[in-house]
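Take a look at the structure below.
Taken together, the values in this text are just the output of simple stated rules run on the coordinates, not laboratory data. Small disclaimer: the values here were computed from a predicted structure and weren't measured. Cβ placement follows ideal geometry from the backbone for every residue including glycine, while neighbour counts extend to all protein chains displayed.
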Amino acid sequence: MGASKMRVIILILTLGLFFLYPFFVGESIFSTMDTKILNSPFFENMFLGIGGWFEGLIGSKAYRIWIDILLKATWETLYMSITATFFATFFGLLTAVVLVLTRKGGLMENKPLYAFLDLVVNIFRSFPFIILIIVLFPFVKLIVGTSIGTDASIVPLTIGTAPFIARLIENALIEVDDGVIEAAKSYGASNFQIIFRIMLVEAIPALVNVLTLTLIVVIGFSAMAGTLGGGGLGDVAIRYGFQRFMADIMAYTVIILIVMVQIFQMIGNNVYKKVKR
């Protein structure tokens, strides 16, 4: 196994531990290690010690703003965005594959199924996200147990983003050269092999751009979800920046969001350059 593949596997495992794990278990990986593995508040005491030292260094007011408010909100935004992007990519990829297979001239042409999925994707893409959050309140409460909070926000973020990414992936797959597909057919490749070993592989650079764009869009959506009790930087901007007229915190949230988007865009651009070679 190459070094690049190993790095990708390590990155996926890390994201799974820190972002997907809390969604299913309900607590962070550190809390689980404290209560179930170490049977003592090791990590909690360690972080409290570091926090106390840092508070003495920068002052209690700055510590409350940057650690208790902004750092916590930034983590919540990252958690919501990355987890929702993961689920949206999964469902969007499945939808896109079915759309490509069943479209006119596709490998498994099925006009009724394509028309139905196409309609569903267009309906959810046209929904204003803030209205979608409100409409999904009962459904979110049914499957998560609450309609507010970071875990609850992941559901509408996923549902609102999956059709968007499905359409982008569909377009990326359609752009694959027909000559490559015809050559695969001539060698007796199955529809499954053509989709997953030819079209998806050929479309990897475009898919990297799709994933980068989707993650950035989800970050914006997560800030919008914060206005309705979703947590994260959007919640901080509303509660502190707008309702309490704390312009400094409002400015900090905007700066953090801009930096976050720039970092993910830079990572996406670098990955694109590597897979494009």
- line: What one gets for the range 61-276 as the Kirkwood radius, inverse of mean 1/r over different Cα pairs in Å, is 18.8 Å
task: Only residues of the range 66-101 count here: report those whose backbone N is under 17 Å from the spot 7 Å along Cα→Cβ of E175, or say none.
output: 93, 96-97, 100
query: So how far, in whole Å, is the C-alpha centre of the range 136-171 from the one of the range 178-234?
result: 17 Å
query: Please identify the GluC sites (Glu not before Pro) of the range 108-193 that satisfy two criteria: DSSP loop assignment and at most 14 other Cβ atoms within 10 Å. Which are they?
result: E109, E175
- prompt: Simple spin-label model, 7 Å along Cα-to-Cβ: L119 to D68 in nm?
  reply: 5.4 nm
